[in-house]
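Okay, so here's the structure we're looking at.
The values are calculated or read from the model by the stated rules, or taken from the named source; none is laboratory data. Fair warning: this is a prediction, and the values are worked out from it, not measured in the lab. No Cβ is skipped: glycine too gets one built from the backbone with ideal geometry, and neighbour counts run over all protein chains shown. These accessible areas exclude ligands, DNA and RNA; they are computed on the full protein's heavy atoms, side chains included. Shrake-Rupley method; radii C 1.70, N 1.55, O 1.52, S 1.80 Å.
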Amino acid sequence: MNGPTRSAYRVIVVGAGIVGLYTAYHLARAGAGPVLVVDRGFLSSGASGRNGGGVRQQWETRATVRLARESVAAYRRFGTEFGYNVWFRQSGYLFVAETEAELARLRGVHELVVSEGLPSEVLDAAAVARRVEGIAPGAVVGGTYLATDGTLYPFPAVWGLYEAVRALGVEVVLGVEVLGVEASAGRVAAVTTRSGRVEAPTVVNAAGGWSGELSGRAGLAVPNVATRHEIFATEPLKPFLDPMVVRASDGLYFSQTMRGEIVGGITLRDGAGVAGGMPSSPRFLREMSRALVRLVPRLGSVGVLRAWSGFYDDTPDGFPVIGEDPRCGGFVHANGFGGHGFMLAPAATLRVARAAMGEPIDLDPALVSPARFLSNDRPPSVERLQLG
Ligand SMILES: Cc1cc2nc3c(=O)[nH]c(=O)nc-3n(C[C@H](O)[C@H](O)[C@H](O)COP(=O)(O)OP(=O)(O)OC[C@H]3O[C@@H](n4cnc5c(N)ncnc54)[C@H](O)[C@@H]3O)c2cc1C
């Protein structure tokens with residue numbers, strides 16, 4: 001039977017998505033000792049194989065801007081570091097506003113981003129129209145544009161990491177589910193799987209949309225909520241669009257891939273939880289198509305080739321959960337990345353790996369530590385720009 005080769009590891013990472021694999025990479029490079037990555041699915045079966053590949057640094061809080069900026073630098077060097085081309089194309093992210101109130105909000109984002117040294121621009125409606133050929137006249141009042149944001153192909157990123165960690169001696173076992181997490185004297189001791197019990201003093205919860213389920217199996221309730229998001233790809237069109245476009249009002253986002261397809265989605269309030277699986281719905285096709293064609297009418301005649309869905313792993317304050325759980329030593333969270341885990345993973349997982357090795361991390365615990373959910377204090381800050 002497919003299963004781990006050892007009975008004990010220094011660290012077990014649950015989840016072989018971008019977060020789990022990047023964490024394993026940082027751990028291996030730091031010489032953490034034997035590391036096991038275990039996933040019940042196949043490579044890219046979670047959100048890491050189902051996302052829009054958007055990588056942006058425009059955020060409403062400084063902490064997120066910084067993580068994203070560091071991650072952009074990591075994706076720029078991904079090809080040379082891992083020998084896999086993720087086709088990271090820094091062709092910009094364009095947030096568009098339909099009202100002056102939305103534009104004022106985007107201006108606030110712009111000012112923060114500029115104060116972090118990034119070349120954000122505020123655009124009027126005419127400047128937006130120059131970047132989005134065929135945009136409906138009067139559809140927007142303006143927007144913000146950051147040229148160093150961009151898009152990449154998620155699959156080669158996962159494959160590159162998979163190869164890299166194995167070359168560094170990490171064991172990656174696919175098709176094996178972690179059914180439980182055992183603790184002894186307030187510390188993680190082992191995980192249980194159908195292939196047997198595997199010991200480790202540290203377990204990293206990188207289970208994406210299922211992280212709440214896994215924490216629950218460890219007896220550690222968390223407020224993470226999985227929400228299903230759908231996305232589609234159209235037939236290929238002649239290149240006409242450079243940036244990823246995101247509409248502030250409804251979260252409509254779309255970009256044109258290098259193959260010419262329009263890939264995008266929209267925020268639908270669809271209910272929460274993983275129980276319904278990952279289907280696609282006619283409602284999404286209808287609402288997404290309507291929203292897209294309202295903004296760019298000439299896309300009305302374009303055929304949709306495929307649609308799929310995946311889970312965001314949302315937290316109440318929009319920040320990820322990074323660090324050791326105060327209720328159980330060695331249980332380290334690496335989750336709660338909402339719809340933006342791909343773009344934050346390189347930088348965020350460096351901190352996860354340090355936390356897993358018992359080292360201090362340079363992120364404000366009031367923002368990212370799981371401890372924030374255990375107090376009744378109001379969150380000191382909320383990352384609200386959960387769009388696109
Ligand atoms: C439609 C859509 C569009 C998105 N667009 C973007 C975007 O443009 N940019 C961006 O940055 N992010 C985007 N995201 C979000 C991004 O994909 C995720 O935040 C990111 O992939 C999370 O990575 P992960 O490794 O934490 O989770 P996943 O990739 O979901 O991996 C978690 C893994 O854990 C495994 N697992 C779960 N439970 C267990 C268990 N008990 N035992 C063993 N294995 C288990 C699962 O099988 C899964 O493979 C999007 C997401 C979706 C759904």
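The residues listed here are ARG40, ARG76, ARG66; of these, the one that is within 27 Å of ALA355 (Cα to Cα), within 12 Å of the ligand (Cβ to nearest atom) and of a type in the set (D, E, K, R) is ARG40.
For VAL55, the requirement of being more than 16 Å from the ligand (Cβ to nearest atom) and in contact (Cβ under 8 Å) with a residue 12 or more places away in the chain is not met. Would you check which residues across the stretch 126-160 are more than 26 Å from the chain's Cα centre (by Cα) and open to solvent by less than 10 Å² (accessible area, probe 1.4 Å) and list them? Matches in the stretch 126-160: VAL128, GLY142. Scanning the stretch 140-182 for residues that are farther than 24 Å from ARG29 by Cα and among the acidic types (Asp, Glu) returns ASP149, GLU177, GLU182.
So, in the stretch 348-388, exactly how many residues are without any contact (Cβ under 8 Å) to a residue 60 or more places away in the chain, among the acidic types (Asp, Glu) and touching a Ser or Thr at 6+ places or on another chain (Cβ under 9 Å)? Result for the stretch 348-388: 0.
On the given criteria, is GLY338 over 22 Å from SER369 (Cα atoms) and within 12 Å of the ligand (Cβ to nearest atom)? No: the conditions fail for GLY338.
Confirm whether GLU163 is among the acidic types (Asp, Glu) and more than 22 Å from the chain's Cα centre (by Cα). No.
Output yes when any residue across the stretch 65-73 is open to solvent by less than 10 Å² (accessible area, probe 1.4 Å) and farther than 26 Å from ILE262 by Cα, and no when none is. Yes, because at least one residue in the stretch 65-73 is open to solvent by less than 10 Å² (accessible area, probe 1.4 Å) and farther than 26 Å from ILE262 by Cα. Residues that are out of contact with any Leu (no Cβ under 8 Å at 6 or more places or on another chain) and within 14 Å of the ligand (Cβ to nearest atom) occur in the stretch 240-259; there is at least one.
The single residue among VAL170, VAL122 that is closer than 28 Å to VAL72 by Cβ and in contact with a His (Cβ under 7 Å, 6 or more places away or on another chain) turns out to be VAL122. Residues considered: PRO360, PRO346, PRO370. Of these, the only one that is of a type outside the set (Asp, Glu) and open to solvent by 30 Å² or more (accessible area, probe 1.4 Å) is PRO360. Only one entry in GLY336, GLY318, GLY323 is among the small types (Gly, Ala, Ser) and modelled with pLDDT under 95, namely GLY318.
Among the residues of the stretch 17-30, is there at least one that is open to solvent by less than 40 Å² (accessible area, probe 1.4 Å), assigned by TED's automatic domain parsing to the domain that holds GLY209 and assigned to a loop (DSSP other than H, G, I, E, B)? Yes, because at least one residue in the stretch 17-30 is open to solvent by less than 40 Å² (accessible area, probe 1.4 Å), assigned by TED's automatic domain parsing to the domain that holds GLY209 and assigned to a loop (DSSP other than H, G, I, E, B).
For the stretch 262-280, the set of residues classified as in contact (Cβ under 8 Å) with a residue 60 or more places away in the chain, in a loop (DSSP other than H, G, I, E, B) and under 25 Å from MET244 (Cβ atoms) consists of THR267, MET278, listed by residue number. Right, LEU112: of a type outside the set (Val, Ile, Thr), at pLDDT 95 or above, surrounded by fewer than 23 Cβ atoms within 10 Å (Cβ to Cβ) and over 30 Å from PRO137 (Cβ atoms) or not? In short, yes.
From the list GLY329, GLY323, the lone residue that is small (Gly, Ala, Ser) and open to solvent by 10 Å² or more (accessible area, probe 1.4 Å) is GLY329.
Give the stretch 5-28 a look and list any residue that's in contact with a Gly (Cβ under 9 Å, 6 or more places away or on another chain) and away from the ligand (no atom under 12 Å from the Cβ), or say none. Hits for the stretch 5-28 are SER7, TYR9, ARG10, VAL11, LEU27, ALA28. Among strands (runs of 3 or more DSSP E) entirely within the stretch 139-220, having at least 1 residues that are within 11 Å of the ligand (Cβ to nearest atom) and in contact (Cβ under 8 Å) with a residue 24 or more places away in the chain singles out 171-174, 178-184, 187-193, 202-205. A count restricted to the stretch 365-388 and to residues that are more than 16 Å from the ligand (Cβ to nearest atom) and either closer than 20 Å to VAL109 by Cα or in a loop (DSSP other than H, G, I, E, B) (or both) stands at 12. Within the stretch 376-386, the presence of at least one residue that is open to solvent by less than 20 Å² (accessible area, probe 1.4 Å), in the same structural domain as VAL35 (by TED's automatic domain parsing) and either on the phi > 0 side of the Ramachandran plot or not hydroxyl-bearing (Ser, Thr, Tyr) (or both) is confirmed.
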